[in-house]
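Before any comments, here is the structure.
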Amino acid sequence: MNASVIDTVVFPVAGLGTRFLPATKASPKEMLPVVDKPLIQYAVEEAIAAGARNLVFVTGRTKRAIEDHFDMAYELETELAARGKQELLDMVRGVLPEGINCVYVRQREALGLGHAVLCARSLVGEKPFGVILADDLIDGGDKPVMRQLAERFSATGRSVISVERVPKEHTDRYGVVDIGDEPGPLAPIRAIVEKPDPADAPSNLAVVGRYLLTPRIFELLETTAPDRRGEIQLTDAIAALRDEQGVDAWEFTGKHYDCGNKLGYLEATVEYALKHPELGDTFAEYLDHRIAEMRKQQNV
């Protein structure tokens, strides 16, 4: 096997984005820009870098902007061409490279992440596939996290999910895995639980928005009982998959920004702006100046 084993990646993008209201009242949270690209574009670029050619978007109402973003923009492209703005034209056309296939399916009810993944079953088929949560933005440098997972899968043939260490008091925000005394960074999962109370968490290794799964997960999702909120949790199906086939945890290399909340989104915006090829130096100067002003005001 090799990294191109990931032919398909699923993007669950049906969430309402209530933490960012009113900005997300009529626009998907996945279209929130980090400097000059929306979150969903970073996710798509990561999938393509891992070898994916089929992109499955599990959408909901008010998500049409995502489909439009990855479609051709005839009027815009014609106008840019007529004005001789070739650099901008190339940028617009490069949003989705040649040979990439985008497919969209609706999740009609908000029944959980597991249900969203299950909605993609007919489009994925009987082959391993990736899942990327766009609001978990991860800067993996030269090797994006989904590619890291692909390499692990190529070596083992086992499903693998990305994890990182978080403060113990934050475990109730994530799925959490137990790898026992294994040193990592790759280790078999002994147990996985969804959002445990910090006092009950088996570790501080949190699941972070990247999964590479075998197709058996779909059959397990079909029989996964809803939780107390009526949602089908992907974590529960992964626990069952672990019992049957084994699932590995990969402590990835990269910097994670939780863009599902405002602080994480702002952190990502600052960090990506600082390394932007056109804006980085100027933005750094602005921040230095602004910090100096704040310190001066505090000392008055």
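Values computed for the structure shown
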{"read-out": "Residue order, fewest to most beta carbons within 10 Å, for Tyr286, Tyr174", "value": "Tyr286, Tyr174"}
{"read-out": "Whether the range 105-154 is rounded, prolate or oblate, judged on the alpha carbon gyration tensor where a/c under 1.5 counts as rounded", "value": "oblate"}
{"read-out": "Extension gain (nm, one decimal) between Thr62 and Arg19, 0.36 nm per residue minus Cα-Cα", "value": "13.9 nm"}
{"read-out": "HN-Hα J in Hz across the range 75-81 - Karplus 6.51, -1.76, 1.60, θ = phi - 60°, x for Gly and Pro", "value": "4, 5, 5, 5, 5, 5, 5"}
{"read-out": "Cα-based reach from Lys296 at 29 Å (exclusive), listing lysines while leaving out same-chain residues under 8 positions away", "value": "Lys262, Lys275"}
{"read-out": "Efficiency of FRET from Cβ geometry, Glu267 and Arg229, R₀ 30 Å, rounded to 0.05", "value": "0.55"}
{"read-out": "Using θ = phi - 60° and Karplus 6.51 cos²θ - 1.76 cosθ + 1.60, couplings along the range 30-41 (whole Hz; Gly, Pro as x)", "value": "5, 9, 4, x, 9, 6, 10, 9, x, 3, 5, 6"}
{"read-out": "Residue-by-residue Karplus 3J(HN,Hα) for the range 56-66, coefficients 6.51, -1.76, 1.60, Hz, glycine and proline x", "value": "10, 9, 8, 10, x, 5, 6, 9, 4, 4, 5"}
{"read-out": "Relative contact order %, the chain, counting alpha carbon pairs below 8 Å whose residues are six or more apart", "value": "22 percent"}
{"read-out": "Pair His276, Arg290: separation of 7 Å Cα→Cβ label points (nm)", "value": "1.2 nm"}
{"read-out": "Exposure proxy order (Cβ contacts within 10 Å, fewest to most) of Met146, Met294, Met91, Met31", "value": "Met294, Met91, Met31, Met146"}
{"read-out": "Overall form of the range 225-286 per C-alpha gyration tensor (a/c, 1.5; a/b vs b/c)", "value": "oblate"}
{"read-out": "Distance in nm between pseudo-label sites at Gln86 and Asn101 (7 Å out along the Cβ direction from Cα)", "value": "3.4 nm"}
{"read-out": "Set of lysines with alpha-carbon distance to Lys168 below 17 Å, sequence-local pairs under 8 removed", "value": "Lys195"}
{"read-out": "Within the range 251-275: backbone nitrogen closer than 19 Å to the Gln298 label point (7 Å, Cα to C-beta)", "value": "267"}
{"read-out": "The range 93-230 shape via C-alpha gyration tensor axes, a/c threshold 1.5", "value": "oblate"}
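Values quoted throughout were computed directly from the atomic coordinates according to the rules given, and no laboratory measurement underlies them. No experiment lies behind these values; they were computed from the predicted model shown. Because the Cβ atoms are built from the backbone with ideal geometry, glycine has one as well, and the counts that use them run over all protein chains shown.
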